[in-house]
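Notes for the one structure printed next.
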Amino acid sequence: MISIIQDYVSTVAAHYRGAVYAWDVVSEILNDNGSWRNNIFYNYLGPDYVEIALVAARAADPNAKLYIEEYGAEDINAKSDALFYLAQNLKNNGVPLDGIGFEGHVITPLTQAPSVWSNTRRFESLDLDWAYT
């Protein structure tokens with residue numbers, strides 16, 4: 001399974017090397033409650049698949065920004081907390097991660113704008129870019 005991830009990510013990223021500003025390397029990996037989404041990669045490798053994919057992407061396209069992308073994590077909630085702790089752990093372990101992509105399905109009421117603002121600021125505290133994707 002590791003080689004499948006490495007081969008796929010390397011092939012795609014190398015094909016577009018230098019032509020893409022940033023990659024959403026992994027996407028939609030968490031449930032709304034912050035637990036890991038069940039998928040074939042998680043079932044075989046646990047959360048390590050995220051690191052494997054990010055390392056392969058950096059090797060294939062060293063100048064591209066590497067993102068983890070998630071929906072429903074734009075304000076502070078269980079999912080964004082889990083995403084923050086994952087990003088913090090990856091950064092602390094030297095895994096190449098440059099940013100967080102918040103999917104543009106913004107359904108948060110305007111009254112939650114301060115929570116959205118606080119959420120993006122805490123990801124910035126990890127020296128991460130963020131984008132609405």
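With each label modelled as a point 7 angstrom along the Cα→C-beta vector, the residue 32-residue 88 pair spans 2.5 nm. Ranked by solvent-accessible area (1.4 Å probe, protein heavy atoms only, all chains present), the residues 133, 11, 120 order from largest to smallest as 11, 133, 120. Shape summary: the chain maps onto an equivalent ellipsoid whose semi-axes, from the alpha-carbon gyration tensor, are 25, 17, 13 Å in decreasing order.
Round to the nearest 0.05 the FRET efficiency obtained for residue 1 and residue 132 when R0 = 30 Å and r is the Cβ-Cβ distance.
Values: r = 31 Å, r/R0 = 1.05.
E between residue 1 and residue 132, to the nearest 0.05, is 0.45.
Working from Cα positions, state the angle (0 to 90°, nearest 10) between the long axis of helix 78-92 and the longest principal axis of the chain. Long axis of 78-92 versus the principal axis of the chain: about 50 degrees. Label positions at residue 43 and residue 14, each projected 7 Å from the Cα along the C-beta direction, are separated by 2.9 nm. Rounded to the nearest 10 square angstrom, residue 121 shows an accessible area of 80 square angstrom against a 1.4 Å probe. For residue 65, the residues whose amide H sits under 5 Å from its own are 22, 23, ignoring neighbours fewer than 5 places away on the same chain, with H placed 1.01 Å from N.
Principal axis extents of the C-alpha atoms in segment 46-121 (largest first, rounded to whole Å): 42, 22, 20.
Could you provide, to the nearest whole Å², the per residue accessible area of the chain with probe 1.4 Å? Intermediate results must be reported in sequence, preceding the final value.
Details: 7100 Å² over 133 residues.
Value for the chain: 53 Å² per residue.
Put simply, the amide H of residue 76, placed in the peptide plane, has neighbours under 5 Å in 116, 119, leaving out anything fewer than 5 places away on its chain.
How big, on average over all directions, is the shadow cast by the Cα convex hull of segment 2-60, in nm²?
Values: hull surface 16.7 nm².
Taking the Cα atoms of segment 2-60, their convex hull projects to 4.2 nm² on average.
Remark on residue 27: its backbone amide H falls under 5 Å from those of 69, a criterion applied only to residues 5 or more positions apart or on other chains, H modelled at 1.01 Å from N.
In deg cm²/dmol and to the nearest 500, what is the mean residue ellipticity at 222 nm of the chain if only DSSP H runs of at least 4 residues count, each as -39500 (n - 2.57), divided by the residue total?
When only DSSP H runs of four or more count, the value is -14000 deg cm²/dmol.
The values are calculated or read from the model by the stated rules, or taken from the named source; none is laboratory data. Values in this document were obtained by computation on a predicted structure and should not be read as measured data. We place every Cβ from the backbone using ideal geometry, glycine too, and count neighbours over all the protein chains shown. Keep in mind that these areas ignore ligands, DNA and RNA; they rest on the heavy atoms of the full protein, side chains included. Shrake-Rupley method; radii C 1.70, N 1.55, O 1.52, S 1.80 Å.
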